[in-house]
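The values are calculated or read from the model by the stated rules, or taken from the named source; none is laboratory data. Since the structure is predicted, the reported quantities are computational estimates derived from the model, not experimental observations. Heads up, the Cβs are rebuilt from the backbone with ideal geometry, glycines too, and the neighbour counts pull from every protein chain shown.
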């Protein structure tokens, strides 16, 4: 035997052993009880159109790269304001520059199984982190082998064993994106997740989280520390900035539509202004407008004339398909109402309708402090102002609502009032309000 061949053979054996260990590690990872398809790469939602959200995206970029910035960036906004599109763009940008460790896009869409399951978030994030960072994987796999049921344990134990300890061992800098946190299905789950996130940033300070949600009071109460949380509310950004972004989006999409249908000099500046004003700050509404106008060249003009002839009616855009994961804007309103009042008793529905009518239909607008008397007059029910505020806060993403109960409450967009009063658009009769709101 040639003695010089022994090191070569030994090296080959070591290579084979290393390969087998890697295969075993991947096999262990693949056995994790994670939710597939929750990352940004699986989303069909496009990112922000170039030239829109410029200042906000620059602010997020700066936050993600600056180690002195708070570890959590919370972007909140009303329904349809474009949070998920921004989250998609942030994830794509971080992926390109190599800082994205993992992402989880929550969704209450029934066709996306477990995308709203809070117990699935951290195992799914851990799997993605292990795929991205070999050092994280080397720290995670032994923990999975020693405790294969860790994914089924409490949220706190999951975070400790699947996220915190491997991050500490790997000592990596990374950004994690969680979109639509408010769509987690269990009551109080958002607060549990936020508590878990605080544990992570305290134990692994090089990790940053970009989180989006509606301005849910449960979440708002947990975002209060300026050293830990960077908070931006989309609905507080100057209206001229939002309207300009919507105009850029509409112009791009309509010009593309016109080019495909060989329409000359369409749309005009005046037509763009009308559509932008109707959107009322909602990107989802602008997307619905494009969906509604799509069709043959003759259909485009015909449908635009319908919009123009009824500037105060949202029926056409509200029922356009292809919005919010395949649902219409009307479905968006109904889904928020259903999620907010899932546990209501049937006898409570009349009170809820009475409060919704006061918040969305009355002119001039009602302050919440005046609603208990109105409810008592209409239904005979005695309510405290705190109870009224709790109900209004549960649909805060559809309302302009202040903490001051003497400040009038208004719908953020006419879409809500139209859906509540039109039986063809309100997909749950529990919330249908007749034109005379007293007869609810």
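Working carefully through the options 135, 149, 182, find the one that is more than 21 Å from residue 99 (Cα to Cα) and more than 27 Å from the chain's Cα centre (by Cα).
Numbers: 135 fails: more than 21 Å from residue 99 (Cα to Cα); 182 fails: more than 27 Å from the chain's Cα centre (by Cα).
Going through 135, 149, 182 in turn, the sole match is 149.
Can residue 38 be described as over 27 Å from residue 281 (Cα atoms) and under 13 Å from the mean Cα position of the chain (by Cα)?
In short, yes.
Given 208, 192, which one is within 30 Å of residue 136 (Cβ to Cβ), in a helix (DSSP H, G or I) and either over 18 Å from the mean Cα position of the chain (by Cα) or assigned by TED's automatic domain parsing to the domain that holds residue 107 (or both)? Walk me through it before giving the result.
Values: 208 fails: in a helix (DSSP H, G or I).
Of the residues listed, the single one that is within 30 Å of residue 136 (Cβ to Cβ), in a helix (DSSP H, G or I) and either over 18 Å from the mean Cα position of the chain (by Cα) or assigned by TED's automatic domain parsing to the domain that holds residue 107 (or both) is 192.
Output the residues belonging to the range 27-63 that are surrounded by fewer than 22 Cβ atoms within 10 Å (Cβ to Cβ) and within 26 Å of residue 227 (Cβ to Cβ).
Selection gives 55, 56, 57, 58, 59, 61, 62, 63.
I'd like the full set of residues that are part of a loop (DSSP other than H, G, I, E, B) and under 20 Å from the mean Cα position of the chain (by Cα), limited to the range 56-75.
Our first condition is that a residue be part of a loop (DSSP other than H, G, I, E, B); within the range 56-75, this holds for 66-71.
Correct list: 71 only.
Among the residues of the range 250-266, write down those that are crowded, with 18+ Cβ neighbours inside 10 Å and at pLDDT 90 or above. If you could, list the steps in order and put the result at the bottom.
Pass one, the range 250-266, residues crowded, with 18+ Cβ neighbours inside 10 Å: 250, 253-254, 257.
Of everything in the range 250-266, those that are crowded, with 18+ Cβ neighbours inside 10 Å and at pLDDT 90 or above turn out to be 250, 253, 254.
Contact list please: Cβ distance under 7 Å, first residue in the range 145-159 and over 12 Å from residue 31 (Cβ atoms), second residue at pLDDT below 85 and part of a loop (DSSP other than H, G, I, E, B), pairs at least six apart or on different chains.
From residues that are over 12 Å from residue 31 (Cβ atoms), there are no pairs.
Look through 132, 113 and report the one residue that is within 16 Å of residue 207 (Cα to Cα), in the same structural domain as residue 62 (by TED's automatic domain parsing), out of contact with any helix residue (DSSP H, G or I) (no Cβ under 7 Å at 6 or more places or on another chain) and surrounded by fewer than 23 Cβ atoms within 10 Å (Cβ to Cβ). Working first, answer last.
Numbers: 113 fails: within 16 Å of residue 207 (Cα to Cα).
None of the other options fit; the residue is 132.
Can you tell me which residue among 148, 217, 142, 166 is within 20 Å of residue 128 (Cβ to Cβ), modelled with pLDDT under 85 and out of contact with any strand residue (DSSP E or B) (no Cβ under 6 Å at 6 or more places or on another chain)? First the steps, then the outcome.
On the way: 217 fails: within 20 Å of residue 128 (Cβ to Cβ); 142 fails: modelled with pLDDT under 85; 166 fails: modelled with pLDDT under 85.
148 is the lone residue from the list that is within 20 Å of residue 128 (Cβ to Cβ), modelled with pLDDT under 85 and out of contact with any strand residue (DSSP E or B) (no Cβ under 6 Å at 6 or more places or on another chain).
What number of residues within the range 159-186 satisfy the criterion of being in a loop (DSSP other than H, G, I, E, B) and surrounded by fewer than 20 Cβ atoms within 10 Å (Cβ to Cβ)?
Going through the range 159-186, the residues in a loop (DSSP other than H, G, I, E, B) turn out to be 171-173, 180, 184-186.
After this cut, where a residue has to be surrounded by fewer than 20 Cβ atoms within 10 Å (Cβ to Cβ) as well, the list is 171-173, 185-186.
Number satisfying all stated conditions: 5.
Can residue 318 be described as out of contact with any helix residue (DSSP H, G or I) (no Cβ under 8 Å at 6 or more places or on another chain) and either at pLDDT 80 or above or under 30 Å from residue 112 (Cα atoms) (or both)? Lay out the reasoning, then the answer.
Numbers: out of contact with any helix residue (DSSP H, G or I) (no Cβ under 8 Å at 6 or more places or on another chain): no; either at pLDDT 80 or above or under 30 Å from residue 112 (Cα atoms) (or both): yes.
No: the conditions fail for residue 318.
I'm trying to understand the selection: among the residues of the range 220-240, which are modelled with pLDDT of 90 or more, within 30 Å of residue 304 (Cβ to Cβ) and surrounded by 15 or more Cβ atoms within 10 Å (Cβ to Cβ)?
234, 237
Within the bounds of the range 290-308, is there any residue that is at pLDDT 85 or above, in a loop (DSSP other than H, G, I, E, B) and surrounded by fewer than 16 Cβ atoms within 10 Å (Cβ to Cβ)?
Checked the range 290-308: no residue is at pLDDT 85 or above, in a loop (DSSP other than H, G, I, E, B) and surrounded by fewer than 16 Cβ atoms within 10 Å (Cβ to Cβ).
Residues that are crowded, with 16+ Cβ neighbours inside 10 Å, without any contact (Cβ under 8 Å) to a residue 24 or more places away in the chain and in contact with a helix residue (DSSP H, G or I) (Cβ under 7 Å, 6 or more places away or on another chain), at least 1 per element: which helices (runs of 4 or more DSSP H) completely within the range 326-440 meet that?
371-379, 385-394
Look at residue 103 and say whether it is in the same structural domain as residue 200 (by TED's automatic domain parsing), surrounded by 21 or more Cβ atoms within 10 Å (Cβ to Cβ) and at pLDDT 95 or above.
On the way: in the same structural domain as residue 200 (by TED's automatic domain parsing): yes; surrounded by 21 or more Cβ atoms within 10 Å (Cβ to Cβ): yes; at pLDDT 95 or above: yes.
Criteria met by residue 103.
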